[in-house]
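Have a look at the structure below before the remarks.
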Amino acid sequence: MKRAFDFLARQLGDAVFSVLPRLAYAPAEKSGCGGLAVSAAALAASARPDGPLAFRAATFEIPCGCRTALIGPNGSGKSTLLRVLAGLTVPRSGQVLVAGEPPRLGRRRVAYLAQRPHLAENFPLRLRRLVQMGTYAHHGWFEECHHGDQDVDAALARLGLTELADRPVHTLSGGQLQRGLIARAVVQGAEVLLLDEPYAALDQASREIIDRFLFEQGEAFTVVMATHDPADLGRFDRILELRDGAVVTRHACSGHDHRHA
């Protein structure tokens, strides 16, 4: 009887999992940027649904491939704006498109890195598996996918993490974890990177590696990065300042292969 039950259970399991991988993890999107990575018109949002507006009537554009800095004092709305672009915060009013579509969760083309990533302490997750999660956007739920292993290895190498691949994530330094999350975005194939002060509390080695990756390798993605360090600004193509509820374009290079002084 038990043998027959086990056989039926296996048959049922095979039938179920033959269907589940076809359930897409993320809706399909057209790749390639059509001129503007971000376009906002009369955008207003608050950090909390019942809170005061962080900014109002914000109208701005970010071209594809542009490295954009978000600057402004603490509490000016930089994090709120990034969360709106990531689909984590619903705007109060206005319109915004990111990579040609309204923001929403689970997009393949957009990756968001919070200033302080929250990972459960002692959770049994190794760095390689964290980076491999970037492949989930390219296959179905419940599908164990190995065809992205080479991409994972390449991303780990590019962010200087190969020797740490088997380390539990809760043992990594803040800089190592940030590099791991960027590697995951690379594997995901993200075209727009939304970064909330990624240099905060980084060790010098991690900062230099991330610097080279974001600014010196000629990557095809768009970067929107909140920063509070004036020394960073010379490397960006475009600067958006958030102050007193307004978003103002302070600098906008037309090309992306040069930085302003």
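No value in this document is a laboratory result; all are computed from the given coordinates. Quick caveat, the model's predicted, so the values are computed rather than measured. Cβ atoms come from the backbone with ideal geometry, glycine included; neighbour counts cover every protein chain shown.
Descriptive notes on the structure:
- Taking packing as the residue-averaged number of other Cβ atoms within 10 angstrom, the listed peptides 71-82, 238-249 run from highest to lowest as 71-82, 238-249.
- Around GLY94: net Lys/Arg minus Asp/Glu count, Cβ-Cβ under 14 Å: +1
- Note on ARG212 and ASP50: the extension gain reaches 54.3 nm, defined as 0.36 nm multiplied by sequence separation minus the Cα-Cα distance.
- Around the amide H of LEU43, modelled in the peptide plane, lie the amide H atoms of ALA57, ALA58, THR59, GLN95, all under 5 Å away and 5 or more residues distant in sequence or on another chain.
- With a Förster radius of 45 Å applied to the C-beta separation of GLN115 and THR59, the computed FRET efficiency comes to 0.95.
- Annotation for ALA205 and SER173: the two label points, set 7 Å from Cα along the Cα-Cβ direction, are 0.6 nm apart.
- Counting Lys and Arg as +1 and Asp and Glu as -1 over every other residue whose Cβ lies under 11 Å from the Cβ of ARG126, the net charge comes to +2.
- In this simple spin-label approximation, GLN95 and ALA41 carry label points 7 Å from Cα along the Cα→Cβ vector, and these lie 0.4 nm apart.
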